[in-house]
């Protein structure tokens, strides 16, 4: 009798699971987020409808085909990922969204696949100027910034992205090194941007306890600028705050209280120009709230870094497409 009841229970449970999967598939097939207004669509996915369509065209060849009847179409994998990156909420909430109904586990797989494809196949969207022509273009852009002065090709700073604590005894990612000076676990992300808030370089390999200057010391960009300087380019600089060392290719503020008038004017101009990197960090974390301190990433550090890189690529796609401003009120 017990075996018979167990059999009945399994049959009912299996039928219920099939019914739920069919309902999800039906909802996915019937829902058309592109029928939303542009404002509502960007509030959910952060990209415009046209840019999202372009992304689907470019990215789909690198996503797995669906072999199962109840498999998730490629375009919904991308929408689910954009939703998660944009809202920064728990995956269950994203999975229950009307326009992309799927299980939390399915969303997790989508996020991993789509961000992996972005990072692997579209890294060229984050490019540091290396030729004379590219540097000249960036210098001209910075001359349009209030108090701009010649020679600036980028602004550098670090920003913390909150993550869950890795296992305390993890041999590769021990928790203690990710605890930052503000008391939460994070990755300290070095970003360099231009005057139009385009990301020129990004490094998400360092835990939260590492100081900004320490990350800069081993930076590939620093080595590039050093080599360029030795080859005769002595008129291209990055601009950074007082946490960075003064170098022939890196301008920092003049410290002290008894400043001369030229030094004071320099600091005013320096602060004005460096404001672009602070704006970039604000725009990036508003556009992709998964990077906000209040939306802790629940992944290991390596996967978190991949999410961060994917957000940088998508951000630059927006900049390239002229989608710079973020409607903060609507995106909440």
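If you check residue 146 against the conditions, is it in the same structural domain as residue 195 (by TED's automatic domain parsing), surrounded by fewer than 18 Cβ atoms within 10 Å (Cβ to Cβ) and closer than 19 Å to residue 198 by Cβ? Spelling it out, residue 146 is indeed in the same structural domain as residue 195 (by TED's automatic domain parsing), surrounded by fewer than 18 Cβ atoms within 10 Å (Cβ to Cβ) and closer than 19 Å to residue 198 by Cβ.
Please tell me if residue 318 is under 28 Å from residue 167 (Cα atoms) and modelled with pLDDT of 95 or more.
In short, no.
Over 18 Å from residue 305 (Cα atoms) and in contact (Cβ under 8 Å) with a residue 12 or more places away in the chain: does that describe residue 104? Yes: the conditions hold for residue 104. With respect to the stated conditions, residue 162 is touching a helix residue (DSSP H, G or I) at 6+ places or on another chain (Cβ under 9 Å), over 15 Å from residue 302 (Cβ atoms) and in a strand (DSSP E or B).
Given (1) free of Cβ contacts under 8 Å to residues at least 40 places away in the same chain; (2) touching a helix residue (DSSP H, G or I) at 6+ places or on another chain (Cβ under 7 Å), identify the lone condition not met by residue 216. (1) is the only condition that residue 216 fails.
Restricted to the range 90-136, and to residues that are modelled with pLDDT of 95 or more and over 23 Å from residue 203 (Cα atoms), which residue is surrounded by the fewest Cβ atoms within 10 Å (Cβ to Cβ)? Only one residue fits best here, namely 133. Could you say whether any residue in the range 123-142 is in contact with a strand residue (DSSP E or B) (Cβ under 9 Å, 6 or more places away or on another chain), assigned to a strand (DSSP E or B) and in the same structural domain as residue 223 (by TED's automatic domain parsing)? No, because not a single residue in the range 123-142 is in contact with a strand residue (DSSP E or B) (Cβ under 9 Å, 6 or more places away or on another chain), assigned to a strand (DSSP E or B) and in the same structural domain as residue 223 (by TED's automatic domain parsing). Can residue 274 be described as closer than 13 Å to residue 155 by Cβ, over 15 Å from the mean Cα position of the chain (by Cα) and modelled with pLDDT of 95 or more? Yes, satisfied.
Each residue in the range 193-218 was checked for being more than 16 Å from residue 305 (Cα to Cα) and in contact with a strand residue (DSSP E or B) (Cβ under 9 Å, 6 or more places away or on another chain), and 9 of them qualify.
Take residue 153 and decide whether it is surrounded by 21 or more Cβ atoms within 10 Å (Cβ to Cβ), closer than 23 Å to residue 313 by Cβ, more than 20 Å from the chain's Cα centre (by Cα) and at pLDDT 95 or above. When the stated conditions are applied, residue 153 passes them.
The values are calculated or read from the model by the stated rules, or taken from the named source; none is laboratory data. Keep in mind that this is a model prediction, so the values were computed, not measured. Cβ atoms come from the backbone with ideal geometry, glycine included; neighbour counts cover every protein chain shown.
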